[in-house]
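These notes concern the structure reproduced below.
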Amino acid sequence: MNHAAFALPLGALLVLPAHTQSLPAQLQAGHWEGMLQLPGGKLDLLVELLSKEGGWQGAITIPAQGVKDLALTNINVADGRLKFMLPDIPGDPHFDGALSADGAMATGMFIQGGAQLPLTLRHTSGTATVARKTGEAGGPHSLRAGERVVHFPGFNTFPLNATVLAGGAHPYFAVMVAGSGPTDRDWSTPLISVPSHGGRDLAAWLQGQGIGSLRFDKRFIGSKDPKLNISLDAQVGDIKAAMKAARALPEAKGKKLLILGHSEGALLSLLAAGDADAALLLAMPGISMGKLILAQVKGQLDAAQVPAEASAANLAYLESALNAVRKDQDLPTATPGVYPGISALVRGLARPESRGFVRDLLDLDPWGAAQRLPIPCAVVWGDRDVQTWKPDTLPAEFKGAVIQIPGANHLFKRETRAKAELSGATAMSTYGDDTPMADLTPLAAWLKALK
């Protein structure tokens, strides 16, 4: 079951030209892997290249788009460059890259319909590993010192797994809700190309503030059941069940409950916050998810310098598809000018198993829900976040705290580059475990004042 459709804050999977340099190299035959980095996600590619008498043969697999062993055409290895095409796909997608001296890496651009993205392909020694990477979230869970695993019944008694970390003297205990997509309790996801456990790191930071926490896997992590209930009611019900389970923990004895949601998890937390004593909404979308999807896709089209007419046509198709999801109607037929990545995004949002969840969340007004909360509430963004960001204007009716963390990215890791220099693809380089947390002093001050 593919739950990547839940990655609502993502851009179109546009595919993509530019500089190469000639190097005298001999291409290595066998398995190759690459990844197109996109706003809020990535697109893994597997390529098989075999040397045959008279030339090369090859095939490409793109798991996220259901493409398996598509035969490549026009494979050319000459003058230190690798080129190939994907046949019978609108926009004539093709790759043109420079080979490394050992013939084990090709760096260039993947080009399609006027759009472009950088792509590096690397030769692997054996079987391709994308399937392993895709399965990492929800796999064997390693514990850090002081953590313990607990299990509790979620919505309709569905079994859920969680990790608990004890706190200190702070009067609150946190229940942490992960963001969109196949994101596990540590906020690890195959949509991020580097090892990344932002939730685990944040839990450790909270412990340093005296706050213990429970963080749990979403119900679909590791599931292969196509009939699993993943509706909005079920997922909000799981959050409420997590809060109930937290109140029964010895680590939370005598504590008040802080609901802490990240990104899409902040929206879901808004709907469950009536069972909490305070709410902390990290990287909350400042507009509805439907508007955010359109804004992020437009941003990627602009960054790729897609011609205005083509951009308008693709955005119009995306908007019509979102309207079809809202009305539970069949998706509109994509015209030849619609990029395959846009079509793939639309198909993901409209998957039968997740369409109801997407429909119910598309037009949720985050500020309308936030201003109705009868409990202390803070909304926090990093000022270098290119996925969700602080709106230019905030509703006067919202009486909670609004905090912006300088030098922080979407996962509140340290980002030293200016926001104007970042794209969805380049921003993810600081999402990993090797990047330290940003200076969260403003957030620490709010937590310290929380009574």
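The table below gives the values:
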{"read-out": "Segment 307-377-segment 422-451 distance, computed between alpha-carbon centres (Å)", "value": "28 Å"}
{"read-out": "Exceeding the 31 Å Cα-Cα cut-off - candidates Lys218/Lys253; Lys244/Lys399; Lys83/Lys298; Lys218/Lys291; Lys244/Lys451; Lys253/Lys390", "value": "Lys253/Lys390"}
{"read-out": "Residues of segment 217-234 with amide N under 14 Å of a point placed 7 Å along Cα→Cβ from Leu294", "value": "none"}
{"read-out": "Antiparallel DSSP beta bridges within the chain, percent to nearest 5", "value": "70 percent"}
{"read-out": "Cleavage-rule hits (trypsin sites (Lys or Arg not before Pro)) in segment 194-230: DSSP loop, at most 10 neighbouring Cβ within 10 angstrom", "value": "Lys224, Lys227"}
{"read-out": "Ranked Phe173, Phe398, criterion: other C-beta atoms within 10 Å, fewest first", "value": "Phe398, Phe173"}
{"read-out": "Segment 173-261, relative contact order [Cα under 8 Å, separation at least 6], %", "value": "39 percent"}
{"read-out": "Under 12 Å from Lys255, Cα to Cα: aspartates and glutamates that are on another chain or at least 8 residues apart", "value": "Asp277"}
{"read-out": "GluC sites (Glu not before Pro) restricted to DSSP loop in segment 353-451 with at most 16 other C-beta within 10 Å", "value": "Glu397"}
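Since every read-out is calculated from the coordinates, none of them should be taken as a lab result. Since the structure is predicted, the reported quantities are computational estimates derived from the model, not experimental observations. We place every Cβ from the backbone using ideal geometry, glycine too, and count neighbours over all the protein chains shown.
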